[in-house]
């Protein structure tokens, strides 16, 4: 089993920081599943339950960066060809978030669909896409919500 490369560790750190909202160096067990999805992994509910038990027993219910690297190393090494990395996801998000404010609005989504896919969606279809993706209900799609939407 080879050690992770510097760029792989950097990608893990970037993803970890994205979810360490209060910057205390820890993420919750619950966030781990979302974080894994952000990185392109699609853990099953069973995998998440097993990871959760492992974390609660060994790590007191929270995961620091080193624990996260330890949990993710086997997954990164067994990386499948179909996995999408954080950087690719971020680049895709930027294509939609044309004004760069970190959120995709209805108008931005409509423009992006037209530009990237050549699809002209009706306002109702656009609203539907945003409503489905907009977990926190603020009327826009942020990066985390975008990742979930793309992972479906």
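All of the numbers you see were taken from the coordinates with simple rules; none came from a lab. Being a predicted model, the structure only gives us computed values, none of them experimental. Heads up, the Cβs are rebuilt from the backbone with ideal geometry, glycines too, and the neighbour counts pull from every protein chain shown.
Taking other Cβ atoms within 10 Å as a rough exposure proxy, 98, 140 sort from fewest to most as 98, 140.
Set the Förster distance to 41 Å, then compute FRET efficiency between residue 44 and residue 107 from the Cβ-Cβ distance, nearest 0.05. After rounding, the FRET efficiency stands at 0.65.
Principal axis analysis of the Cα atoms in segment 86-151 yields extents of 30, 25, 22 Å, listed in decreasing size. Set the Förster distance to 35 Å, then compute FRET efficiency between residue 116 and residue 24 from the Cβ-Cβ distance, nearest 0.05. After rounding to 0.05, the efficiency reads 0.40.
Take every Cα pair under 8 Å whose residues are at least 6 apart in sequence, average their separation, divide by the length of the chain, and the relative contact order is 22 percent. Helix 86-96 sits at what angle to the longest principal axis of the chain, using alpha carbons and giving 0 to 90 degrees rounded to 10? Orientation of helix 86-96: about 10 degrees from the principal axis. Legend: ranking of residues 30, 148 from fewest to most surrounding C-beta atoms inside 10 Å; resulting order 30, 148. Axis of helix 65-77 versus longest Cα principal axis of the chain: the two differ by about 80°, to the nearest ten degrees. Angle of helix 106-117 to the longest C-alpha principal axis of the chain, folded into 0 to 90 degrees and rounded to 10: 90°. When the P(r) is computed for segment 5-70, the part past 16 Å accounts for 42% of the Cα-Cα pairs. Taken over the chain, the alpha-carbon convex hull comes to 130 cubic angstrom per residue. The calculated FRET efficiency for residue 125 paired with residue 75, based on their beta-carbon distance and R0 = 35 Å, is about 0.50.
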